[in-house]
1. Please arrange 173, 117, 135, 70 by accessible surface area, largest first, computed with a 1.4 Å probe and ligands excluded.
2. If I stretch the segment between residue 134 and residue 110 completely, what's the gain in nm (0.36 nm per residue apart, minus their alpha carbon distance), one decimal?
3. What ranking of 72, 30, 239 comes out by heavy-atom accessible area, probe 1.4 Å, highest first?
4. Using helices alone, I'd like the mean residue ellipticity at 222 nm for the chain: each DSSP H run of four-plus residues gives -39500 (n - 2.57), total over residue count, nearest 500.
5. Reachable lysines from residue 199, Cα under 19 Å, same-chain residues fewer than 8 places away excluded?
6. Along Cα→Cβ, 7 Å out, is where each label goes; now give me the distance between the ones at residue 155 and residue 174 in nm to one decimal.
7. May I ask for the Kirkwood hydrodynamic radius of the chain, worked out over all distinct Cα pairs and given in angstroms to one decimal?
8. Between residue 76 and residue 188, what length comes free when the chain is fully extended (0.36 nm per residue of separation minus the Cα-Cα distance, one decimal in nm)?
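The values are calculated or read from the model by the stated rules, or taken from the named source; none is laboratory data. The shown structure was predicted, so the numbers you read here are calculated from the model rather than taken from an experiment. Positions of Cβ are backbone-derived with ideal geometry, glycine not excepted, and every protein chain shown enters the neighbour counts. Keep in mind that these areas ignore ligands, DNA and RNA; they rest on the heavy atoms of the full protein, side chains included. Shrake-Rupley method; radii C 1.70, N 1.55, O 1.52, S 1.80 Å.
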Amino acid sequence: MITPKVRAMAAALLLAAAGAQVAGAADFAVERRRMTQEIEALARQTGAETGRPAFDARVMTAMDTVPRHEFVPAEQIDVAYANRPVPIGHGQTISQPYIVALMTDLAKAQPGHKVLEVGTGSGYQAAVMAQLAREVYSIEIVEPLGQQAKRRLGQLGYGNVQVRLGDGYHGWEEHAPFDAILVTAAASHIPPPLIRQLKPGGRMVIPVGAAFMVQQLMLIEKKPDGTVSTRQILPVAFVPLTGGR
Ligand code: SAH
C-alpha cells in the first residue's frame, strides 16, 4: 500500500536525484572552463611556433560549449576534460582538447562555410566545428565508430553535421568544394583528392608523417589563384590514416 509517508519518501528521493543531476552538469561546466583556460595557456606557450598565441574567441566559445563528456566512453568520463587524448575503442582516440582547438583555429571557419573532416572518431571535433561553420561533412572508416558518432551528434542536436562511412582519402565529392578540410588521422602524404576538393582561398589542416611516430601538423592554403602553399605548424602524434588505396 502506498501511504502518504511512502509517497513523500519517493518524492524526496526524486528531488535528490534531480539535485545530483544539476550538480553534475554544473561540475562539468567548471571542468570545461578549466580545460579552456589550460588551452589558452598552452596557446600562449606555443604561440611563437604555431603563429597563433591566442585562438579566435569563437573557437574558445565552442570549446567552452561542446559537452566533451558526451563524446567519451562512460568509463573515461572522469578524464573527459583533461588536456590529453582519450581512448574511444577500436584502437582510436579522441584528440587532446588543445589540438582540437588549434586545428579549429587554423581552419578559420566562418558562419557560411562548408567544412570536411576526415576521421569522425567520437564526433567531438565535428561538433566543435559545427558551432562555427554552416555545414560539416565528416567521414569515418570504422563502421561502429561512424554509426555511434552519427547517432550521438543527432541526439545532441547537431543538425548541421553529416557523417558518412568510408575512406576519407578520397574526400566527399558531392559536397565539394570545401572552405576548410580537417584531417584528424596521420597521413603519409597530403591526399591529392583533398587538395582538389579545397576551395580557392580554402585551408586544410592535416598531420603528415609516418604512422606511430611524430608527425608534423601542416597548414595547407589554396590561394585564390589556385596555387598551394604549405606550412609546418607543430609536431603532433595522431593515429594513422588507414584505407585501401
Ligand atoms: N576527430 C576525432 C578523432 C579522430 S581519431 C574526434 O574528434 O573524436 C582518427 C579517426 O580517423 C579514427 O576514428 C579512425 O578510425 C579514422 N580514420 C582513419 N583512417 C581513415 C580514413 N581513411 N577515412 C576516414 N576515417 C579514417
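1. Details: 173 130, 117 5, 135 45, 70 85 Å².
My answer, sorted largest first, is 173, 70, 135, 117.
2. 7.9 nm
3. Numbers: 72 10, 30 80, 239 35 Å².
Final ranking, largest accessible area leading: 30, 239, 72.
4. Values: 6 runs with 90 residues, N = 245.
Theoretical 222 nm ellipticity from helices: -12000 deg cm²/dmol.
5. Those lysines meeting the cut-off are 108, 114, 222, 223.
6. With each label placed 7 Å out from Cα toward Cβ, I get 2.6 nm.
7. On the way: mean 1/r = 0.0529 Å⁻¹.
Its Kirkwood hydrodynamic radius stands at 18.9 Å.
8. Values: separation 112, 0.36 × 112 = 40.32 nm, distance 3.02 nm.
Stretched out fully, the residue 76 to residue 188 stretch lengthens by 37.3 nm.
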